[in-house]
Amino acid sequence: MLIIILWIAVAISASIHIYSELHQNRKRIYIFKPLTMVLITLTGLVSLPEVMGLYHWMILVGLLFCIGGDVALMWPTDKFIIGLISFLIGHLFYIVAFNSKIIPLTSPITAGALLLFATVIFGLLNPFLAKMKIPVAIYIAVISIMGQQAWERYFQLEQFATMLAATGALFFMISDTTLAWNRFRRKIPLAQFFVLSTYYTAQLLIALSLGQTVVLAK
């Protein structure tokens, strides 16, 4: 019952935040942007099994760094680099989580697809990045590795939890690609709606994977 209440709370909070972003209501943004991620993290916490493993701890820490990234990015002053670093660290924790209990790089198709994705996206953004070339290149590399590891984990373990996490990683990549394209290359109509809806979907799926990952705690 509690998990259902939290799902509803996440949906309401996320909707209010997205609406507030579209209408530039700063007061509501300051409340509902961090609140949505806190609720998502709580959803993961109440789903935890009695015995926790590396996967659970790494995902929880990753979620906390993502909350930090959200807080950095919500202020009117440009704290993009701080937010980028916070999300980057969060992704590194996700990578450690997704890499636990699997053999890395056993699917050349997955690795090739993510390498192609990273190369194409950076190539398209590169002329518009100016001083942000290196930070953005590092971030694209890390999020691509995160996505690759999430899908590698799904292909090897074929659990419901790994499907949730892999789908979440895919939504995360869509969200960040949309964000980068809108910020550096060309403005996208309703960009905030697409960025935030895919972002919250990603984080919720990753958080929900905590409740299904019981065998990995052994």
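FYI, it's all coordinate maths here, none of it is from the lab. Only a predicted model underlies this, so the values are computations on that prediction, with no experimental measurement involved. Backbone-built Cβ (ideal geometry, glycine too); neighbour counts: all protein chains shown.
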Sites matching trypsin sites (Lys or Arg not before Pro) across the range 112-208 that sit in DSSP coil, with at most 14 neighbouring C-beta atoms within 10 Å: Arg186, Lys187
Can you spot the lysines whose alpha carbon is less than 25 Å from Lys101's alpha carbon? Ignore those fewer than 8 places along the same chain. Lys218
Based on Cβ point charges of +1 for Lys and Arg and -1 for Asp and Glu, what charge dipole magnitude is obtained for the range 1-131 about its Cα centre, in debye rounded to the nearest 20? 260
Can you list which of the trypsin sites (Lys or Arg not before Pro) found in the range 1-87 are DSSP loop residues with at most 16 other C-beta atoms within 10 Å? Lys79
Within straight-line cross-link reach of Lys133, lysines at Cα separation under 22 Å, skipping those fewer than 8 residues along the same chain: Lys79, Lys187
If a helix is a whole DSSP H run, which ones in the chain reach 24 Å or further along their own axis (Cα) and hold a mean Kyte-Doolittle hydropathy of at least 1.0? 2-22, 54-73, 80-99, 108-125, 160-180, 191-208
Taking a cut-off of 18 Å between Cα atoms, list the aspartates and glutamates near Lys27, but don't count ones fewer than 8 places away on the same chain. Asp70, Asp78
Rounded to the nearest 500, what is the 222 nm mean residue ellipticity of the chain from helices alone, with -39500 (n - 2.57) per DSSP H run of 4+ residues and division by all residues? -26000 deg cm²/dmol
